[in-house]
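Student: Here you go, one structure.
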Amino acid sequence: DNLDGPVFQDAKDRWIVIGDKDVTPALEMGFRFMKEGEQGLIFCHSKYGYGPLTRNHAQFELPPNSNLVYQVTLKKIVEDYSDP
């Protein structure tokens, strides 16, 4: 597999609530094993990403059944999250 593909999305300072299913299953699973302040790569098989769907973001089209690599930093863990 080629890991030198284009950046599909660049999200800074995004809140993720574990269990809300607002990110791919692979990304959520990866964050469950990380510690606050840790940086890492999360490798995502298409089954745990977008599967057979085509995704469009900005000027890039992610083909169906694409494997993904997320470069992430877990900045903060909040145990009791409630909307402000």
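The values are calculated or read from the model by the stated rules, or taken from the named source; none is laboratory data. Owing to the predicted nature of the structure, the values given are computational and were not obtained by experimental measurement. Every residue, glycine among them, receives a Cβ derived from its backbone with ideal geometry; neighbour counts consider all protein chains shown. We work out accessible area using only protein heavy atoms, side chains counted, and drop any ligands, DNA or RNA first. Shrake-Rupley method; radii C 1.70, N 1.55, O 1.52, S 1.80 Å.
Student: If you count only protein heavy atoms with a 1.4 Å probe, what accessible area per residue comes out for the chain, rounded to a whole Å²?
Tutor: 83
Student: Then there is this: With θ taken as phi - 60° and the coefficients 6.51, -1.76 and 1.60, list the Karplus ³J(HN,Hα) couplings across the range 31-43 in order, rounded to whole Hz; mark glycine and proline as x.
Tutor: My calculation for the range 31-43 gives 5, 4, 9, 9, 10, 4, x, 7, 10, x, 10, 10, 8 Hz in order.
Student: Also, quick follow-up: Skipping prolines and chain starts, which residues have an amide H placed within reach, meaning under 5 Å, of the one on R55, given they are 5 or more residues away or on another chain?
Tutor: L62
Student: Rounded to the nearest 0.05, what FRET efficiency do Q39 and E61 have when you use their Cβ-Cβ distance and R0 = 35 Å?
Tutor: 0.80
Student: Kindly rank 65-74, 47-56 from highest to lowest mean number of other beta carbons found within 10 Å of each residue.
Tutor: Ranking the peptides 65-74, 47-56 by packing returns 65-74, 47-56.
Student: In the chain, what GluC sites (Glu not before Pro) fall in a loop by DSSP, with at most 16 other Cβ atoms inside 10 Å?
Tutor: Loop-located and lightly packed - E36, E38, E79.
Student: For V69 paired with V7, estimate the spin-label separation in nm (one decimal), with each label point 7 Å from Cα along the Cα-to-Cβ line.
Tutor: Going from the V69 label point to the V7 one covers 1.5 nm.
Student: Among all lysine pairs in the chain that are eight or more places apart or on different chains, how many have alpha carbons less than 15 angstrom apart?
Tutor: Close lysine pairs under the 15 Å cut-off: 5.
Student: At 1.4 Å probe size, with the rest of the protein present, what percent of the exposed accessible area of the chain is carbon and sulfur atoms?
Tutor: Answer for the chain: carbon and sulfur cover 49 percent of the accessible area.
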